[in-house]
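Engineer: Quick one: the structure is below, and I'll ask about it shortly.
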Amino acid sequence: MRHNDGQTPKKTIPDKDILLTFLGGESIFASGGAAYLQLADLRDSSNYAGINGMSVSQTAEYALRAVVWLAQNPGVPQTTQQLAEGTLVSASYLPKVLQPLGRAGILTSQRGVNGGYTLDRDPEELNVLEIVNCVDPIQRIKRCPLRLTAHEGTLCPLHRMLDDSIGDLQNRFQTTTIAGLLRQETGATPLCDTRPATISLSMPPAQKGAGPSA
């Protein structure tokens with residue numbers, strides 16, 4: 001909306017030191033006084049999908065935690081509460097993370113006594129990219145994020161480099177399996193404060209009676 005004088009309305013930021021991140025990662029720093037941001041300067045966030053894809057979202061990281069936890073407990077159904085405690089993810093938020101994994105056939109759930117979530121894919125074949133893309137797909141930079149007319153149909157060296165980096169990230173995720181992660185010797189086991197005994201990564205026999213959410 002514009003005022004009668006044709007000026008774009010300005011947004012006032014409270015008097016405190018704070019870094020504010022707006023659409024597409026654009027940030028300004030307000031220090032010791034009111035700062036103003038021309039709303040017209042905010043780009044459509046869809047232009048920045050590829051750049052945002054350079055990092056893994058919190059939801060995707062939560063999904064990876066859940067899958068790793070299930071891989072560490074093969075054949076032992078995990079309730080929502082057990083998963084929440086094991087992954088340090090809020091029990092109220094977990095369904096948002098687990099539902100797309102269930103729809104994709106990565107995990108399964110069973111109601112009732114001794115029910116819960118179990119991994120439905122062999123961790124030797126399940127790669128990190130499948131999990132991330134299932135929850136919050138990585139986006140490549142397909143067009144100029146600034147919508148510059150001169151860059152139509154191509155990317156400048158800067159955004160080409162960023163897109164190549166996203167591609168490298170995709171490849172790394174695609175070639176890293178969950179089993180491979182758990183075999184890595186770094187002195188720290190995922191989601192564990194102490195170094196546990198050797199974890200069996202073999203898939204248990206398929207169980208009958210799998211149903212919707214636990």
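Engineer: Report every pair of residues separated by at least 6 positions or lying on different chains whose Cβ atoms are under 8 Å apart, first residue within the stretch 158-169 and closer than 14 Å to GLN139 by Cβ and at pLDDT below 95, second among the charged types (D, E, K, R) and open to solvent by 30 Å² or more (accessible area, probe 1.4 Å).
Structural biologist: ASP163/ARG140; ILE166/ARG140; GLY167/ARG140
Engineer: Related question: Considering only the stretch 107-134, how many residues are open to solvent by less than 70 Å² (accessible area, probe 1.4 Å) and over 16 Å from the mean Cα position of the chain (by Cα)?
Structural biologist: Initially, the stretch 107-134 is screened for residues open to solvent by less than 70 Å² (accessible area, probe 1.4 Å), giving 107-110, 112, 115-119, 121-123, 126-134.
Filter once more, keeping what is over 16 Å from the mean Cα position of the chain (by Cα): 107-110, 112, 115-119, 121-123, 126.
Looking only at that region, the number is 14.
Residue by residue, here is whether (1) closer than 14 Å to LEU119 by Cβ; (2) assigned to a loop (DSSP other than H, G, I, E, B) holds:
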site: VAL56; (1), (2): no, yes
site: ALA63; (1), (2): yes, no
site: PRO74; (1), (2): yes, yes
site: LEU83; (1), (2): yes, no
site: SER90; (1), (2): no, yes
site: LYS96; (1), (2): no, no
site: PRO100; (1), (2): no, no
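Engineer: Condition first: polar (S, T, N, Q) and at pLDDT 55 or above. Can you find one or more residues in the stretch 190-200 that meet it?
Structural biologist: Scanning the stretch 190-200, I find no residue that is polar (S, T, N, Q) and at pLDDT 55 or above, so the answer is no.
The values are calculated or read from the model by the stated rules, or taken from the named source; none is laboratory data. What you see is a predicted model, and the numbers here were worked out from it, not measured in a lab. Cβ sites come from the backbone with ideal geometry, for glycine too, and all protein chains shown count toward neighbours. Keep in mind that these areas ignore ligands, DNA and RNA; they rest on the heavy atoms of the full protein, side chains included. Shrake-Rupley method; radii C 1.70, N 1.55, O 1.52, S 1.80 Å.
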